[in-house]
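Peer 1: Shown below is the structure under consideration.
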Amino acid sequence: MKYSDKVKKASTILKAINGLSEDQSIDIVYKGDTYKVSVYKTYNDEMSYSVWKDYRGMNVSKVGKTSLTLYTFDMMGQKTTYRLSLLDCSLLPE
């Protein structure tokens, strides 16, 4: 699959994520599990995103054209990163 085809396939979810305003969220399905993508305003008035499943969550460091780059820190300060492919995601029907 060409990169341009991947961008087109991920565009619907990317538009939904970028269309969120402060304190809004959407539910997505990724590899059979439901996740909540939330947006909030930081202390310097920038919009920041996070992805949650139950009580566990990760912050979004980058919203790309075909993926979200996620990160979190554990109790010992160890950073964990993950790249969530938007190609494997779908919007949860409302």
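Peer 1: What are the trypsin sites (Lys or Arg not before Pro) within the chain that DSSP puts in a loop, where the Cβ has at most 14 other Cβ atoms within 10 Å? Don't skip to the end; give the middle numbers.
Peer 2: Working: sites: LYS2, LYS6, LYS8, LYS9, LYS15, LYS31, LYS36, LYS41, LYS53, ARG56, LYS62, LYS65, LYS79, ARG83; in loops: LYS2, LYS31, LYS65.
Of the trypsin sites (Lys or Arg not before Pro), the ones in loops of the chain whose Cβ has at most 14 other Cβ atoms within 10 Å are LYS2, LYS31, LYS65.
Peer 1: A further question on this structure: About its Cα centre, what dipole magnitude does the range 3-91 give when the only charges are +1 on Lys and Arg Cβ and -1 on Asp and Glu Cβ, stated in debye to the nearest 20?
Peer 2: That gives a dipole near 400 debye.
Peer 1: Within the chain, which chymotrypsin sites (Phe, Trp or Tyr not before Pro) sit in a loop by DSSP and count at most 15 neighbouring Cβ atoms inside 10 Å?
Peer 2: Numbers: sites: TYR3, TYR30, TYR35, TYR40, TYR43, TYR49, TRP52, TYR55, TYR71, PHE73, TYR82; in loops: TYR43, TYR55.
Filter output for the chain: TYR43, TYR55.
Peer 1: Could you grab the relative contact order for the range 3-91? Cα pairs under 8 Å, six or more apart, rounded to a whole percent.
Peer 2: On the way: 152 pairs, mean separation 22.6, N = 89.
The normalised contact order for the range 3-91 reaches 25 percent.
Peer 1: Turning to a different aspect of this structure: Taking the Cβ of LYS41 as the centre, find all other residues whose Cβ is under 12 Å away and add up their charges (Lys, Arg: +1; Asp, Glu: -1). Don't jump to the answer; show the numbers that get you there.
Peer 2: Numbers: positive: none; negative: GLU22, ASP23, ASP45, GLU46.
With Lys, Arg at +1 and Asp, Glu at -1, the neighbours total -4.
Each value in this text was obtained by applying a stated rule to the coordinates, not by laboratory testing. Just so it is clear, the structure is predicted and the values come from calculations on it, not from any experiment. For neighbour counting, all protein chains shown are included, and Cβ atoms are generated from backbone atoms with ideal geometry for every residue, glycine included.
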